[in-house]
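K.L.:
I have a structure I would like to understand better, so I am pasting it below and will then ask my questions one at a time.
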Amino acid sequence: MAYVITSLCIDCKDTACADVCPVECIYDYKGGDGKFANQLFIQPEECIDCTNCEPACPWKAIFEEDEVPAVFHADIEKNRAIIDDIGNFEVATVVKDHSPTPAQIAENFAKWGYKG
């Protein structure tokens with residue numbers, strides 16, 4: 001069972017998760033047509049369930065597939081959908097200049113109606 005990056009990542013795209021991924025299964029969409037949200041995605045067939053990404057995400061946007069909150073269940077399929085369009089994705093480039101504040105995280109949760 002893979003990990004899932006949820007909509008909490010949209011417009012945040014912190015790459016701390018990609019920095020700790022030993023198999024480089026975290027991707028960024030480069031298609032430019034808006035087909036996929038402005039977020040990172042985990043390619044589920046490549047994910048080895050190492051658990052490194054979940055605690056590394058400062059936006060708390062990553063969940064084990066079986067633990068994805070109901071409000072984000074559609075994100076499970078969105079992560080799976082990248083398999084069919086992988087040619088428009090690139091392994092996420094690590095950028096180390098993001099540090100959301102607790103207030104920013106709470107605001108992001110509220111935007112999605114997620115209690116955390």
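Values quoted throughout were computed directly from the atomic coordinates according to the rules given, and no laboratory measurement underlies them. Only a predicted model underlies this, so the values are computations on that prediction, with no experimental measurement involved. Don't worry about glycine lacking a Cβ; one is built from the backbone with ideal geometry, like all the others, and counts go over all protein chains shown.
K.L.:
Excluding Val91 itself, calculate the net charge of residues whose Cβ lies under 12 Å from the Cβ of Val91, where each Lys or Arg counts +1 and each Asp or Glu counts -1.
P.N.:
Net charge around Val91: -4.
K.L.:
Any idea how many Lys pairs in region 3-111 come in under 15 angstrom at the alpha carbon, given 8 or more places apart or on separate chains?
P.N.:
Count of close lysine pairs: 5.
K.L.:
For region 3-111, with equal point scatterers placed on the C-alpha atoms only and solvent neglected, what are the log10 I(q)/I(0) values from the Debye formula at q = 0.14, 0.19 1/Å, to two decimals?
P.N.:
Results for region 3-111 at q = 0.14, 0.19 Å⁻¹ read -0.49, -0.94.
K.L.:
So if the hydrodynamic radius of region 39-83 is defined as the Kirkwood radius over C-alpha pairs, what does Stokes-Einstein give as its diffusion coefficient at 25 °C and 0.890 mPa s, in µm² per second?
P.N.:
220
K.L.:
Same structure, new question: Peptides 29-42, 102-115: what's the order by average Cβ count within 10 Å, highest mean first?
P.N.:
The densest-packed peptide leads the list: 29-42, 102-115.
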